[in-house]
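The values are calculated or read from the model by the stated rules, or taken from the named source; none is laboratory data. All values reported here derive from a predicted model rather than from experimental measurement. Cβ: placed from backbone, ideal geometry, glycine included. Neighbour counts: every protein chain shown. Side chains are part of the model used for accessible areas, which takes the heavy atoms of the whole protein and leaves out ligands, DNA and RNA. Shrake-Rupley method; radii C 1.70, N 1.55, O 1.52, S 1.80 Å.
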Amino acid sequence: MSVNYQLEKSKLPKHVAIIMDGNGRWAKKHGKDRIFGHHHGVDAVRSSLELCGELGIKYLTLYAFSTENWGRPKDEVLGLMSLLVHAIDNETTNLIKNNVKLNTIGNNNDLPEDVQMKLQESIDRTAHCTGVTLSLALSYSSQIEITEACKKIAASVLASDINVDDINPETISANLFTSEIPNPDLMIRTSGEQRISNFLLWQLAYAELYFTDVHWPDFDKDEFCKALEVYTNRERRYGKTSEQVKQ
Ligand code: IPE
Ligand code: IPE
Ligand code: MG
């Protein structure tokens, strides 16, 4: 565990969401194929998850594959899917040992059947765990998630289960994949791009954003602690004045 950072425990986020970007650029830097970068990205997942456990951060959500990523070259998509199967196979025992509960958000049905089966098996085997909840965003699109929520709510109105006037932000939240988990406090994106790329558009409404040039495979515990330290020094005002929130 990193010893370089004095992190005030009471100020740490409850939920960190990460756009794990830059595997391809990391691989290129090392003169290798993109998939080599994805493989090394798994180590960064392991260390981030470990740090959350050590610091008592209860929710970690990782953007692993967007709906837009289906448009990548076939070889890369297949490579990512087989990496996912292997990673779940190799890591599930560790997840249980570390009390990590696995969850997914996204359109799971789009995933190849073997991936769906492996995921479900791991979700079932870790269902009793009470430490960190790890949510993997797979075949995830925030716009589709919100659209599907709207459709479900519209159907409830048509069925006279709810009135139009009763629809409020909580109604929307309750119909998202993330209905069971709090909104992220901190969103980290690695590898230099400063965009959201269709990730948790609704849920990030009041998250603190942190961007780093470090590529995902190099995002170790030290880098994560750096982000957390920045977060603990931010003042979250939620529209109020600084004087008000200091009270
Ligand atoms: C993130 O790294 C992993 C996925 C999107 C699956 P990238 O593969 O996007 O890496 P870069 O951005 O091309 O370097
Ligand atoms: C976002 O990264 C998706 C994931 C990290 C899974 P991308 O590399 O796909 O995003 P863009 O294309 O740079 O916006
Ligand atoms: Mg990228």
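Quick look at the numbers
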| item | result |
| --- | --- |
| Most to least packed among 234-245, 69-80 [average Cβ atoms within 10 Å] | 69-80, 234-245 |
| Sorted peptide list for 116-122, 27-33, criterion being average Cβ within 10 angstrom, highest first | 116-122, 27-33 |
| Cα-only Debye scattering, the chain: base-10 log of I(q)/I(0) at q = 0.09, 0.11, 0.14 Å⁻¹ | -0.41, -0.62, -1.00 |
| Reachable aspartates and glutamates from LYS32, criterion Cα separation under 18 angstrom, eight or more residues apart if same chain | ASP21, ASP43, ASP75, GLU76, ASP218 |
| The chain, relative contact order [Cα under 8 Å, separation at least 6], % | 29 percent |
| Furthest towards positive pole of dipole, ASN23, GLY79, CYS225, structure part the chain, Cβ charges | CYS225 |
| Contour excess over end-to-end distance, with Cα ends at ASP43 and SER197 and 0.36 nm allotted per residue | 53.1 nm |
| Mean Kyte hydropathy of -1.0 or more with a Cα span along the axis of at least 30 Å, helices from DSSP in the chain | 34-55, 74-97 |
| Probe 1.4 Å, protein heavy atoms only - accessible area per residue of the chain in square angstrom | 53 Å² |
| Whichever lysines have a C-alpha closer than 21 Å to that of LYS101, once near sequence neighbours (fewer than 8 apart) are set aside | LYS14, LYS58, LYS118, LYS221 |
| ASN108-VAL245 FRET efficiency (beta carbon distance; Förster radius 45 Å; 0.05 resolution) | 0.70 |
| FRET efficiency for GLU235 and ASP166, using Cβ-Cβ distance with R0 set to 30 Å, rounded to 0.05 | 0.30 |
| Computed lengthening from GLU68 to ILE146, 0.36 nm per intervening residue step minus Cα-Cα distance | 26.5 nm |
| Solvent-accessible area, 1.4 Å probe, carbon plus sulfur percent, for region 10-234 | 50 percent |
| Ordering of 52-63, 90-101, 185-196 by packing [mean C-beta count within 10 Å, highest first] | 52-63, 185-196, 90-101 |
| Cα gyration tensor category, rounded, prolate or oblate, for region 119-247 with a/c compared to 1.5 | oblate |
